[in-house]
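Only the coordinates and a few stated rules stand behind these numbers; no lab work does. Model, not experiment: these values are computed from the prediction. As a convention, Cβ positions derive from the backbone with ideal geometry for all residues, glycine included, and neighbour counts pool all protein chains shown.
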Amino acid sequence: MGYLELYQTGELARRTADFKKLLEPCRLCPRKCGASRISGERGECGAGRNAEISDYGPHFGEEPPLVGKGGSGTIFFAFCSLRCVFCQNFETSRGKYKYTVNTGKLAEIMLELQRIGCVNINLVTPTHYIPQILDALLVACERGLNLPLVYNCSGYERLEVLRKLDQIVDIYLPDIKYADEKIALKYSRISDYPQVAKDALKEMHRQVGELVLDEKGVALKGLLIRHLVMPGGVAGTADLMKFIAQEVSPNSWINIMKQYYPTYLAHRYPEIDRRITRKEFLEALEAARKASSDFHLL
């Protein structure tokens, strides 16, 4: 794992110190809200000084290359920099279910997931807690952690932050949600999502490349992109698939997801207050295949 090499040379500790400087004023995500989080103020996302999680454990519902036999060692972090009105995990993203974990506890969680046979450490919505996570990673490395690190995010990431994560993250698992700024503003309360996410995906691919599997089909390194198909084609699936093929890689691994369902505040938006149809899902798959016959579709 790349983070182990950085740990051994002292570079991981140096980068952790650099990340802590981004906590006050907070500049970890593209919102750059400027909250004084070390002093206890919470950012626009909801995150404060200490890491907060809603749950952790082996997860068998992730993409097959991330699961293996032991499951993905998933840690669900509370809060999110987006405000998706249809959030499928709104209890966590809005901080309804959460509890605080200090450095030692978070490190112990990582090590526990390794002990019970998980094939990776899957950090779900980690961006606003990167300094706290890296603090725990330093402790976990000292105590024998050696699993691939998965960065499971919304795609809304600062390039400056991603560059500091180079060689720390083994597997990037980003969403690519929308092709249109107006749609992003309407459903996720952020207008610059499309361009920010596109730039982020290109940087992630630069760092880790295509998904690499071991002899058992378990992911060791690389980029795996998620795209949630939405009712009425509002996500702009065809345009996003063309972008990935032309500007990320025509060999990309992509999960075209069909599990959208109207939850949280989706009832306020009649056009997305329903599940997608089989026809809409098949059209999304066809758009991906048309963009590149070499995509690895999950």
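For the reader, a short list of remarks on this structure follows.
- Computed over all pairs of different Cα atoms, the Kirkwood value for the hydrodynamic radius of region 1-159 is 15.9 Å.
- For region 92-245, the dipole from Cβ point charges (+1 on Lys and Arg, -1 on Asp and Glu) about the Cα centre works out to 480 debye, to the nearest 20.
- Beta bridges per DSSP, both residues in the chain: antiparallel share near 35 percent.
- Of every Cα-Cα pair in the chain, the percent that sits beyond 25 Å: 46 percent
- With Rh defined as the Kirkwood radius, the inverse of the mean 1/r over Cα pairs, the Rg/Rh of region 39-119 is 1.02.
- Distance between the 7 Å Cα→Cβ label points at Glu112 and Gln246: 4.8 nm.
- The orientation-averaged shadow of the Cα convex hull for region 212-275, equal to a quarter of the hull surface, comes to 5.7 nm².
- Label-point separation in nm, Glu142 to Glu271, each point 7 Å along Cα→Cβ: 5.4 nm
- Alpha-carbon gyration tensor eigenvalues x 5, square-rooted, for region 138-181, Å: 27, 12, 7
- One quarter of the convex hull surface built on the alpha carbon atoms of region 73-184 amounts to 7.5 nm², the projected area averaged over directions.
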